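Read the structure below first, then the notes.
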Amino acid sequence: MISDVERGIWLSRSGALVLYLVLSSLLLACGSDQEQAPPEPKPITWAIAQTAENGHTRSISGVLQTPQRAPMAFEVPGRVASVNVETGGVFERGDVLAALNDRSYSLTLAQRKAELAEARAASELSRTRFERARALRESNAISQAQYDSDAATLASDRSRVDTAQARVDIAAKDLSDTRLIAPYDGTVARRHIEPAQRVPAGETALEIQSRDDGMEVVVSAPETLINRLDRDAMHIVTLAVTPRSAMMAKITEVGTDAGDRNAYPVTLAIPEPIASARAGMTAEVTLRLVADVGDASDRQDNIEIPVTAFAQGADRQTFVYVVNESDRLERRGVTVVDISGDKALVADGLRVGEIVASQGVAFLHEGQAVTRIGVGPRQFNE
């Protein structure tokens, strides 16, 4: 016969055993769920494929510059005596911008002039002797040899005069080259010299640029656009510092030799720049293009996506990753027909309104679960 105490102990042990088994099963189930839990969706930046706003314009970054600009240097060495302008200073055509100490050049010129005077005197004496010798030769008073000698002496002395005159001209030019004369009205972009500084010949002393004759902007146009530029149109130029102030520009030069990334230099003249425009500023140029019916980049169904949204696979196929309705990535081959600034123009492979991964495409893969940064859970009517 089992007592009540023994029965209670047995029930307690049985309950504990059952509880242990239940908890163990739950822990095993939880561990199994954790091992099989799917990876967390990857957050991505994204963009919506949109219809291209205008297939006949492209925006390209450029740099402002003045039509006339030049480094100025002394053509002779020497010690700087004076600098008459500062960086940003204004000057007029013909102004002396800087000068070297010209004492040695003045003395050299004086010496060369003295040598010229001496050569001229010797030449005049030889001419007098030759005239006398010619008269005596006509009367056979002197020999032919004496006559020929006097003629040769005259020719030699005249040659010495020419040489002395050339030396005077060189010395005069060297003296003139001790001054930097402004070739046009302008401003000083940079100043590289100071008084008492010794400078070699040919080293840049000042960098100058013209003023009051408008400005230019230089851009690099890709090879896909170079033959479609509208040479007769006025193109829009805006500055990063004043994006709301537009200037009009006309193409004046188109390079014939491609530079980096098969881009050609294009220069546009800005006849009336805004007051805040300065050489070296970054500009955004909206180029007007000539329509080409046979060109895929002129079709009305072209789509714009960020230039960072597409990549090229091992098969050299251009592709993007589209976010489907299940928030998973779908690799999609596309045809990129043009790139303008931070936008790529796609001719096929995408539909307007589709969502694409806009950055880090090389680190994504087909079927990957993603979440869009800045977007909450999907709604049924989204």
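The values are calculated or read from the model by the stated rules, or taken from the named source; none is laboratory data. Since we're looking at a predicted model, the values are computed, not measured. Here the Cβ is made from the backbone with ideal geometry for all residues, glycine too, and neighbour counts use every protein chain on show. Please note that ligands, DNA and RNA were not included when accessible areas were found on the heavy atoms of the full protein model with its side chains. Shrake-Rupley method; radii C 1.70, N 1.55, O 1.52, S 1.80 Å.
Here are a few things to note about the model shown:
- What the Kirkwood sum gives for the stretch 88-180 is a hydrodynamic radius of 16.2 Å, with every pair of different alpha carbons counted.
- Loop-located trypsin sites (Lys or Arg not before Pro) in the stretch 84-116 (DSSP state not H, G, I, E or B) with no more than 16 neighbouring Cβ atoms inside 10 Å: Arg93.
- Surrounding net charge for Ser176, when Lys and Arg each add one and Asp and Glu each subtract one, Cβ distance under 12 Å: -3
- The stretch 137-278: equivalent-ellipsoid semi-axes (sqrt of 5 x gyration tensor eigenvalues, Cα, Å): 61, 24, 15
- Theoretical gain in end-to-end length, Glu40 to Val352 [0.36 nm per residue, Cα-Cα removed]: 109.4 nm
- Neighbour-limited loop hits for GluC sites (Glu not before Pro), the stretch 55-138 (at most 14 other Cβ within 10 Å; DSSP other than H, G, I, E, B): Glu75, Glu86, Glu92
- For the stretch 220-268 versus the stretch 93-138, the gap between their alpha-carbon centres in whole angstrom: 57 Å
- Whether the stretch 134-213 is rounded, prolate or oblate, judged on the alpha carbon gyration tensor where a/c under 1.5 counts as rounded: prolate
- Phe310 - accessible surface, heavy atoms, 1.4 Å probe, Å² rounded to 10: 50 Å²
- Average projected area [Cα convex hull, the stretch 223-288], square nanometres: 4.9 nm²
- A viscosity of 1.306 mPa s and a temperature of 10 °C, combined with the Kirkwood radius over Cα pairs in Stokes-Einstein, give a translational diffusion coefficient for the stretch 228-375 of 87 µm²/s.
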